[in-house]
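Below is one structure, written out as C-alpha cells; the observations come after it.
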Amino acid sequence: MIWFDLVTPKSVMFFRPFIEGIKARGKTVLVTAREGDGYKEVVDLLNLYKIEFVNRGYFGGANLGDKLKASIHRQLALMEYIEKCSITKLVCLCSVDANRVAFGLGIPIVNFYDIPLSDHTANFRKALPQARLTLPLSTKAFRPYMVPQSIFERFSLEPEQIFSYNFLDVVAWLHDFRPDINFFRDFLKSRGLNPNKKTIVVREEEFKASYVGKKYPVLYEGLELIKEKMNVNIVLIPRYEAEPLKALFPYATVIEEKMVIQHLLAFADLFIGGGGTLNSEACYFGTPVISTRSFISHYDKLLIDSSLMEKADTAEELLEKAQQIISKRHDPKPLFDTMSFDMDSIIEEILA
C-alpha cells in the first residue's frame, strides 16, 4: 500500500494525477489529511475532487507552541493508524508528521519539494523548517529542475537519492486542464459583479505558515490604494478564514466555497498573490501576475526572469505595477513549452 499524506492544497493538486496513475497500476493507495479551525481548504479540495481520505490530526494555527502541540498529537494519531496498515512507501510534499512517523516505523520515504529555501540562491540560513525536518529522512527525493542539486545534497542526501523533473509543479495538474470562459462569466454574474470592469483576483500570503515570519502589510495596504485609484472588481481567495477578509475588505468579493479556481485565474485581468502556487498557475495561463510574497524562491525567480511575474515590495509599488500591467497578457509558451510532464517515469521511480 502506497501512503500519501496531503496537508496543503498544493499537495492535493500535485499528487492527484499520481494517485490515479498508481491506482491504475493495480496498487492500493491510502490518503491521509488534516484540517482545523479556519483551515478546511485541504479537506474541501479532497472532497471537490472526490479523493477518499482518512483525516488524522489538525492544523495548529499560527502560534509556534500550538503548531508543535498539534504536530505531536498528529504524529501519535498517524502512528496508531499507520502501524495497522501494510504500508510499503510514503509519498508526500515533505509532510513533517508523516516523515517522522514513516521514519520511526521503518517505512521508505519519497519526498517531493520545490521550495527547500526561502531564497533563490543557496543561503541555508533561510532553509525552511519543513526541509530541515524531512529531506534528510528521504529514501528518495524529487526536485524540479530550477532548484540546484547541490541544495538537496546539503540536506545530507547522496546524489543517487535525488531525482529531477523537467517542469514547474503546476504543470502536473494544468497540462491537461482547459479553462472555461463561461465559468468565469457565470461567476461574475452570480456575485453581481460588473462584467465591463476589469477583474483582479487576489490571494493572501501563508502568514500562518512556519516559514513566514509575520503578516506583511504590503498586500492589505495595497488593496486599499487599488480600491481608491482603480475602478475594478476585486475578488479575494481566502487562505484561512473568510470572515476576517469580508470585514477587512467590504468592497471586495470574498470566495467562501471551494471551486475550480483555475477558471478565474485564467481569465482574470490581473492576479495578485502572496503565495507561490496560484501565482505559478496564473503565470501558466499568461495572466499578468504581481507577487507580494515576502521572499523570492527558486521558482519565483524563474517566473520573474521569464517576465511572467512582477514583484512588489511596498503598497505604492503594488498600485503602480497593477496600473501598468493590468490586462497586458503574457505568452507563457516560451517557458512552459520547454517543460515536459512525464508522469509514468516518475511513478516507476516512486514504486521501484
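Some notes on this structure:
Matching residues to (1) closer than 29 Å to Ile296 by Cβ; (2) out of contact with any strand residue (DSSP E or B) (no Cβ under 9 Å at 6 or more places or on another chain):
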site: Gln75; (1), (2): no, no
site: Met79; (1), (2): no, yes
site: Ile87; (1), (2): no, no
site: Phe103; (1), (2): no, no
site: Asp114; (1), (2): yes, no
site: Thr121; (1), (2): yes, yes
site: Phe124; (1), (2): yes, no
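- The conditions of being within 23 Å of Met343 (Cα to Cα) and in contact (Cβ under 8 Å) with a residue 40 or more places away in the chain are met by Ile115.
- When Phe336 is tested against (1) on the phi < 0 side of the Ramachandran plot; (2) free of Cβ contacts under 8 Å to residues at least 24 places away in the same chain, only condition (2) is not met.
- Test: residue in the stretch 201-211 that is at pLDDT 95 or above and open to solvent by less than 70 Å² (accessible area, probe 1.4 Å): yes
- Each residue in the stretch 58-77 was checked for being surrounded by 16 or more Cβ atoms within 10 Å (Cβ to Cβ) and basic (Lys, Arg), and 2 of them qualify.
- Helices (runs of 4 or more DSSP H) wholly inside the stretch 253-352 that include at least 3 residues being surrounded by fewer than 17 Cβ atoms within 10 Å (Cβ to Cβ): 315-325, 343-351
- Pro244 more than 30 Å from Pro116 (Cβ to Cβ) and either of a type in the set (Gly, Ala, Ser) or at pLDDT below 85 (or both): yes
- Among the residues of the stretch 98-137, those that are open to solvent by less than 10 Å² (accessible area, probe 1.4 Å) and small (Gly, Ala, Ser) comprise Ala98, Ala102, Ala131.
- Any hit, the stretch 84-96, residues being buried (at least 23 other Cβ atoms within 10 Å of the Cβ) and more than 21 Å from Gly275 (Cβ to Cβ): yes
- Unique residue being within 21 Å of Phe112 (Cα to Cα), at pLDDT 95 or above and in contact with a strand residue (DSSP E or B) (Cβ under 9 Å, 6 or more places away or on another chain) when the list is Ile325, Ile346: Ile346
- Test: residue in the stretch 128-143 that is out of contact with any Cys (no Cβ under 9 Å at 6 or more places or on another chain) and modelled with pLDDT under 95: yes
- Positions within the stretch 11-57 being open to solvent by 30 Å² or more (accessible area, probe 1.4 Å) and either of a type in the set (Phe, Trp, Tyr) or under 15 Å from the mean Cα position of the chain (by Cα) (or both), in sequence order: Arg16, Lys40, Asp44, Tyr49, Phe53
- Checking each residue in the stretch 57-108 for being in a loop (DSSP other than H, G, I, E, B), touching a residue at least 60 places away in the same chain (Cβ under 8 Å) and not polar (S, T, N, Q) picks out Gly61, Ala62, Cys85, Ile87, Leu93, Ile107.
- Number of positions in the stretch 226-247 that are open to solvent by 40 Å² or more (accessible area, probe 1.4 Å) and of a type outside the set (S, T, N, Q): 8
- Number of positions in the stretch 142-165 that are touching a Ser or Thr at 6+ places or on another chain (Cβ under 9 Å) and either assigned to a strand (DSSP E or B) or among the basic types (Lys, Arg) (or both): 5
- Test set (1) at pLDDT 95 or above; (2) in a loop (DSSP other than H, G, I, E, B) - Leu225 fails condition number: (2)
- Every residue from the stretch 37-64 that is at pLDDT below 90 and closer than 20 Å to Gln75 by Cα: Asp37, Tyr39, Lys40, Gly57, Tyr58, Phe59, Gly60, Gly61, Ala62, Asn63, Leu64
- From the options Asp169, Asp176, Asp186, residue that is loosely packed, with under 15 Cβ neighbours inside 10 Å and either under 23 Å from the mean Cα position of the chain (by Cα) or in contact (Cβ under 8 Å) with a residue 12 or more places away in the chain (or both): Asp176
- Search result, residues across the stretch 288-313 that are touching a residue at least 24 places away in the same chain (Cβ under 8 Å) and touching a helix residue (DSSP H, G or I) at 6+ places or on another chain (Cβ under 6 Å): Pro288, Ile290, Thr292, Leu303, Ser306, Leu308, Met309, Ala312
The values are calculated or read from the model by the stated rules, or taken from the named source; none is laboratory data. Not measured: the values here are computed from a predicted model. With ideal geometry, Cβ positions are generated from the backbone for all residues, glycine too; neighbour counts draw on all protein chains shown. All accessible areas refer to the heavy atoms of the entire protein, side chains included, with ligands and DNA or RNA removed. Shrake-Rupley method; radii C 1.70, N 1.55, O 1.52, S 1.80 Å.
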